1. Might you check whether a residue that is free of Cβ contacts under 8 Å to residues at least 24 places away in the same chain and in contact with a helix residue (DSSP H, G or I) (Cβ under 7 Å, 6 or more places away or on another chain) occurs anywhere in the stretch 81-93?
2. Residues in the stretch 6-46 that are farther than 20 Å from LEU232 by Cβ and of a type in the set (Val, Ile, Thr): how many?
3. Within the stretch 445-481, restricting attention to residues that are more than 18 Å from the chain's Cα centre (by Cα) and among the β-branched types (Val, Ile, Thr), which residue is surrounded by the fewest Cβ atoms within 10 Å (Cβ to Cβ)?
4. When residues of the stretch 260-278 are filtered for being farther than 20 Å from PHE186 by Cβ and either within 23 Å of the chain's Cα centre (by Cα) or not hydroxyl-bearing (Ser, Thr, Tyr) (or both), how many remain?
5. So, GLY442, is that one at pLDDT 95 or above, of a type in the set (Gly, Ala, Ser) and more than 20 Å from the chain's Cα centre (by Cα) or not?
6. Can you tell me which residues in the stretch 84-107 are out of contact with any Lys or Arg (no Cβ under 8 Å at 6 or more places or on another chain), closer than 17 Å to THR142 by Cβ, of a type outside the set (Lys, Arg) and crowded, with 18+ Cβ neighbours inside 10 Å?
7. Counting residues that are under 26 Å from the mean Cα position of the chain (by Cα), at pLDDT 80 or above and not assigned by TED's automatic domain parsing to the domain that holds ALA208, which helices (runs of 4 or more DSSP H) fully inside the stretch 305-366 reach at least 2?
Amino acid sequence: MADILSLDATAQLQALEAKRISAAELLDLAVARWRGQHARINAVVATDIDRARIQARAIDETRAKGGTLGALAGLPMTVKDTLDAEGLAASSGLEPLRRRGSVRDAAAVARARQEGAVIWGKTNVPVMAADWQSYNALYGTTNNPWDVERTTGGSSGGAAAALATGVTALEIGSDIGGSLRVPASFCGVFSHKPTWGLVSQRGHIPPAPGTLSERDLNVVGPMARSARDLRLLLSVLEEGPLAARAPAPAVKTLRIGLWLDEPSFPLDPQVREAVQGFAQHLGQRGATVEPVRPVDGAVVMDAYRVLLASALAADLPPAMIRSMRRLRGAAGLARRFGAGPTSWAAQVLGYTASHAEWLAADEARARIAAQVKPLFERFDVILAPIAPVVAFPHDHRPFNRRTLVQSDGQRIPYPSMLNWISLATACGLPATAVPAGLSTSGLPVGVQLIGPRGGDARTLAAAQAIEAEIGGFLAPPPPAA
């Protein structure tokens, strides 16, 4: 029965409904899988197994009596450790946050639990969800199951690793700087960044516990091993109508704009090759695939860096902001930290932006969104890379000392990780991450299907059609003996 963990969530739920396995048995299998690989991967870092077993047994009893059950009844689930869950306060990688005591379920967690999900663990994140690597002093480093010397991505890196290794079949993550899409790409799984505002952020840390406002740019969304599972979980999480249940089209009817050439966005040759090959496969199966450049990437990044840094600045220690303000006023900032929208000088300017500068960036965002909108009359989705590189080796040096190394040896700025994800995030557009195969170095590469605002059903349906036609999730190879 251990093989059931290799099935996607929909198939596991079907087995539960058919009583081929009980919720309690499925939970025990998931926990055993986690224990067997925890020392190597370190994906699930906090657990509440006793509470989960009580819930699983209650669901089994209700099912045995023919009672009414929810859409996720009996499915073991983990959630990202930036989301509060009863019995498991979100730590965001910090001990003081973990020790907050009793907390209520975050809105998204509550919705999943109401539908019968058996939530038993939390998955690792970087400190305050602010990196493309998932490590912290509290729980340590999460390793990529494809190569444990490499990162899983961040900030939903523990979630992606838990999915890839079969420890969980569904996850709830979040994304403000690629945090759903980058780990999905690095670990070879699916994720969906919803339209901004579609899923409640209440109970997500950061911002500070108790915050009621919805943070700009940030979204909460599903992660899974199949597109149909993304649609299932989004139908549970979303605040609006159940649009995610729209039928999937045939691949041959898809109209796809391929965004692969952006002068200001670096792209590793092996990532380009994988994305290009993926697009060619779609074309060979009848999809219309045309090159497109939806926006000037430099313009997007100029607006996005101000919007993003302004949102994140609220989470930084006051002393750090004061130091940045002193740097902002110093002569030679660009000479010291480099120039350009992904430079550290640009990050300092973003973290210390005035309200007038934020308003200018917000207006730029609105103009970018207006420019992109007509494209979705020509194309169903825009297909683009997610990250400029494949999963890279662990690098825990200070941010301003990190660089990314492409397969051709070229070094690019670490904040280049923001480039390809910037359009969907800045404009609040939905983007579904889909596995696109392996690079020449044998590591996963993902692509994102970007749709119009509110077009979550469109990108998810396209993802499901593509998966059915050319495949999706590949399990990582077993560890060497």
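1. Yes, the conditions are met somewhere in the stretch 81-93.
2. Residues flagged as farther than 20 Å from LEU232 by Cβ and of a type in the set (Val, Ile, Thr) within the stretch 6-46 amount to 4.
3. ILE470
4. Residues that pass the stated criteria total 3.
5. So GLY442 fits the description; yes.
6. Just the residues of the stretch 84-107 that are out of contact with any Lys or Arg (no Cβ under 8 Å at 6 or more places or on another chain), to begin with: 92-104.
With closer than 17 Å to THR142 by Cβ added as a condition, the list becomes 92-94, 98.
Those still in the list that are of a type outside the set (Lys, Arg) too: 92-94.
Residues satisfying the conditions are SER92, GLY93.
7. 344-351
Yes/no matrix, rows are residues, columns are (1) surrounded by fewer than 16 Cβ atoms within 10 Å (Cβ to Cβ); (2) hydroxyl-bearing (Ser, Thr, Tyr):
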{"site": "GLN14", "(1), (2)": "yes, no"}
{"site": "SER22", "(1), (2)": "no, yes"}
{"site": "LEU26", "(1), (2)": "no, no"}
{"site": "ALA32", "(1), (2)": "yes, no"}
{"site": "HIS38", "(1), (2)": "yes, no"}
{"site": "VAL45", "(1), (2)": "no, no"}
{"site": "ASP50", "(1), (2)": "yes, no"}
{"site": "ASP60", "(1), (2)": "no, no"}
{"site": "LEU75", "(1), (2)": "no, no"}
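The values are calculated or read from the model by the stated rules, or taken from the named source; none is laboratory data. On a predicted model such as this, the values are computed, not experimentally measured, just so you know. FYI the Cβ positions are ideal-geometry reconstructions off the backbone, even for glycines, and counts take in every protein chain you see.
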